[in-house]
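Visitor: The following block contains the structure, expressed as structure tokens.
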Amino acid sequence: MNKMILGRYIPGDSFIHRLDPRTKLLATFYYIAVIFLANNWQSYLLATVVTLAIIPVSKVSLRFFLNGLLPVLFLIVFTVLIQVFFTTGGHVYWHWGWLSVTSLGLTNAGFIFVRLVLIIFMSTLLTLTTPSLSLADAVESLLKPLAKIHFPVTEVALMLSIALRFVPTLLDQTTKTMNAQRARGVDFGSGGLFKQVKTIVPLFIPLFVTAFTMADELATAMEARGYRDGYGRTRFRVLRYGRGDLLAAVVLILLTLGLIFLRN
Amino acid sequence: MDITFDHVSYTYQANTPMAGVGLDDVSVTIHGGAYTAIIGHTGSGKSTLLQHLNALLKPTSGTVRIGERMITPSTSNKNLHPLRKKVGMVFQFAESQLFAATVREDVAFGPRNFGVSAEDADALAVQMVARVGLPEDVLDRSPFDLSGGQMRRVAIAGVLAMQPEVLVLDEPTAGLDPAGRREMMALFAKLHADGQTIVLVTHQMDDVADFADDVLVMDQGKVVRQGHPKEIFQDAQWLLDHQLGLPRTTQFALRLQQKGFKFDHLPLTTPELAQMLAEQLGGARHE
């Protein structure tokens with residue numbers, strides 16, 4: 001379970017940790033959009049340099065970012081291979097049936113590879129430096145205008161924070177259940193496909209039962225403490241933009257201008 | 001079958017900022033045939049130690065010898081099957097491991113995984129359900145229709161059905177009512193009398209005094225003391241310093257001591273205390 005770096009918060013007190021979670025959330029989305037402006041090696045170089053300059057500011061070891069790539073490694077390799085073999089144009093290096101390796105294909109594959117890695121680095125930066133509850137707060141705060149059109153913002157935010165809150169709990173429960181079934185002779189992750197599928201039942205049924213029990217108990221506990229709905233509630237964690245958030249915005253604007261300037 | 005720890009250390013999430021010590025240079029032997037109790041406050045490393053007993057965790061350094069098998073940091077995760085059969089483990093709130101449609105299937109699940117034929121596994125299920133004190137008619141009911149205490153028994157029957165050489169129990173009576181607790185402890189005592197090696201993690205010092213013949217005291221990932229309950233419970237102040245308690249009888253004897261009674265060693269069980277008091281008060285031999 002320790003490989004699941006997405007969604008793992010690393011406590012710290014860096015400039016990035018202290019940014020308002022709304023800034024970090026919006027900045028990540030903005031970055032993912034703006035990186036599509038890059039379309040030549042100069043603009044990709046700029047994006048890479050900026051990203052690699054931002055990462056050390058978080059004071060989180062680069063190893064965590066590389067680990068963040070692991071779960072999506074297959075996706076990256078797959079996308080890159082498709083680009084290599086199916087893009088045609090430019091000089092042809094190799095050709096077999098409808099597969100061909102061309103200079104344009106290689107360039108595109110390189111660009112896509114860099115783009116995916118940068119996007120994953122940035123989203124890993126968000127999840128490594130922001131506790132999930134702060135993220136939920138940020139979503140609630142950003143969705144607030146939708147309340148005007150009767151969108152249940154507080155309920156959605158509550159669902160989101162409960163879901164996030166229970167991810168580690170359910171992971172712990174998964175480990176416990178796996179251990180209990182291992183002790184009864186189940187070999188998770190070995191044997192043929194059929195054998196592996198069969199190990200799902202003794203793992204998931206206890207997990208579902210526990211999840212439902214926990215949900216039920218949580219609902220009772222919330223009612224016992226007088227929870228009704230979110231309207232008019234004050235907040236324990238108040239979000240405020242600061243000077244750092246302005247700086248983050250400036251960096252992103254400069255990045256955007258740079259990309260527009262450098263792209264073809 | 002002995003289980004021997006030789007300079008075993010275990011670190012959680014090694015090489016990350018969240019690294020935490022689970023075990024710190026533990027060297028200890030759990031003897032075959034013994035009833036070993038492991039005590040220690042929450043977070044002292046008891047559960048980590050337990051998970052080394054059947055190689056659910058492998059040491060970060062040092063070796064664990066389980067019977068003939070050596071477990072080292074480089075042991076592969078494959079072929080641990082035979083160990084899991086030898087060391088049966090009842091986890092905390094074991095009822096949460098139940099999953100099958102009927103009690104019969106759930107109890108037979110362990111033996112089936114270890115290659116016992118369907119017929120023999122079913123016979124074991126019937127036998128073990130009776131042994132944990134459940135009526136025969138629960139066999140074909142869904143485990144989820146039973147009460148919490150009954151579910152716990154089904155889970156324990158499921159582990160017993162594996163016929164392990166060593167039975168490891170992690171707070172098996174937590175959350176049970178007093179009658180259920182007594183029955184459960186009596187069951188383990190009977191298994192031990194029949195030759196079963198038992199390792200019990202508990203916070204109930206009365207159970208330690210009544211049943212165990214060897215006690216490991218854990219603190220901050222280390223085994224700080226090992227000995228017979230008689231020795232361990234003599235040093236009342238030391239136990240309190242380690243956030244542990246005393247058996248009720250011993251507590252009572254300590255208070256009597258403050259009022260002028262004299263004991264050459266503190267009694268652990270009610271009969272023992274009664275005998276000592278009878279002698280001091282000049283009465284005849286207590287029966």
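Visitor: Residues that are within 14 Å of another protein chain (Cβ to nearest Cβ): find the helices (runs of 4 or more DSSP H) completely inside the range A:99-217 holding 1 or more of those. First the steps, then the outcome.
Guide: Working: elements: A:103-129, A:132-143, A:153-183, A:193-198.
Answer list for the range A:99-217: A:103-129, A:153-183, A:193-198.
Visitor: Still on this structure, please answer the following. On the basis of being farther than 30 Å from A:Arg165 by Cβ, in contact (Cβ under 8 Å) with a residue 60 or more places away in the chain and surrounded by 13 or more Cβ atoms within 10 Å (Cβ to Cβ), does A:Val114 make the cut?
Guide: Yes, satisfied.
Visitor: Which is closer than 30 Å to A:Asp13 by Cβ and either under 19 Å from the mean Cα position of the chain (by Cα) or at pLDDT 85 or above (or both), of A:Leu164, A:Leu146?
Guide: Values: A:Leu146 fails: closer than 30 Å to A:Asp13 by Cβ.
Sole residue among the options that is closer than 30 Å to A:Asp13 by Cβ and either under 19 Å from the mean Cα position of the chain (by Cα) or at pLDDT 85 or above (or both): A:Leu164.
Visitor: Further question on the same structure: Tally the residues that are surrounded by fewer than 17 Cβ atoms within 10 Å (Cβ to Cβ) and within 13 Å of chain A (Cβ to nearest Cβ), restricting the search to the range B:125-162.
Guide: Counting residues in the range B:125-162 that are surrounded by fewer than 17 Cβ atoms within 10 Å (Cβ to Cβ) and within 13 Å of chain A (Cβ to nearest Cβ) gives 4.
Visitor: As an exercise: evaluate A:Ala211 against (1) farther than 22 Å from A:Leu133 by Cα; (2) open to solvent by less than 90 Å² (accessible area, probe 1.4 Å) and give the number of the one condition it does not meet.
Guide: The one condition A:Ala211 does not meet is (1).
Visitor: List every residue pair whose Cβ atoms lie under 6 Å apart, where the two residues are 6 or more positions apart in sequence or sit on different chains, the first residue falls within the range A:173-195 and is within 19 Å of B:Met162 (Cα to Cα), and the second residue, located anywhere, is small (Gly, Ala, Ser) and open to solvent by less than 20 Å² (accessible area, probe 1.4 Å).
Guide: Pairs found: A:Arg184/B:Gly110; A:Gly185/B:Gly110.
Visitor: Look at the range B:202-259 and say how many of its residues are under 15 Å from B:Val28 (Cβ atoms) and small (Gly, Ala, Ser).
Guide: Residues that pass the stated criteria total 3.
Visitor: What number goes with the only condition from (1) over 17 Å from the mean Cα position of the chain (by Cα); (2) within 30 Å of A:Ser100 (Cβ to Cβ); (3) open to solvent by less than 70 Å² (accessible area, probe 1.4 Å) that A:Ala53 does not pass?
Guide: Unmet condition: (2).
Visitor: Still on this structure, please answer the following. Taking into account only those residues within the range B:75-114 that are at the interface with chain A (Cβ under 9 Å from one of its Cβ atoms) and farther than 20 Å from B:Leu167 by Cβ, which is most open to solvent (accessible area, probe 1.4 Å)?
Guide: B:Lys78
Visitor: Among the listed residues B:Tyr35, B:Tyr10, which satisfies the condition of being among the aromatic types (Phe, Trp, Tyr) and open to solvent by 20 Å² or more (accessible area, probe 1.4 Å)?
Guide: The conditions single out B:Tyr10.
Visitor: Here are the criteria: (1) touching a residue at least 40 places away in the same chain (Cβ under 8 Å); (2) within 14 Å of chain A (Cβ to nearest Cβ). Tell me which single one B:Val201 does not satisfy.
Guide: In the conditions (1) touching a residue at least 40 places away in the same chain (Cβ under 8 Å); (2) within 14 Å of chain A (Cβ to nearest Cβ), B:Val201 misses (2) alone.
The values are calculated or read from the model by the stated rules, or taken from the named source; none is laboratory data. This one's a predicted model, so the numbers in the text were calculated from it and none came from an experiment. Positions of Cβ are generated from backbone atoms using ideal geometry, with glycine treated the same way; all protein chains shown enter the neighbour counts. Note: accessible area is taken over every heavy atom of the protein model, side chains too, but ligands, DNA and RNA are not part of it. Shrake-Rupley method; radii C 1.70, N 1.55, O 1.52, S 1.80 Å.
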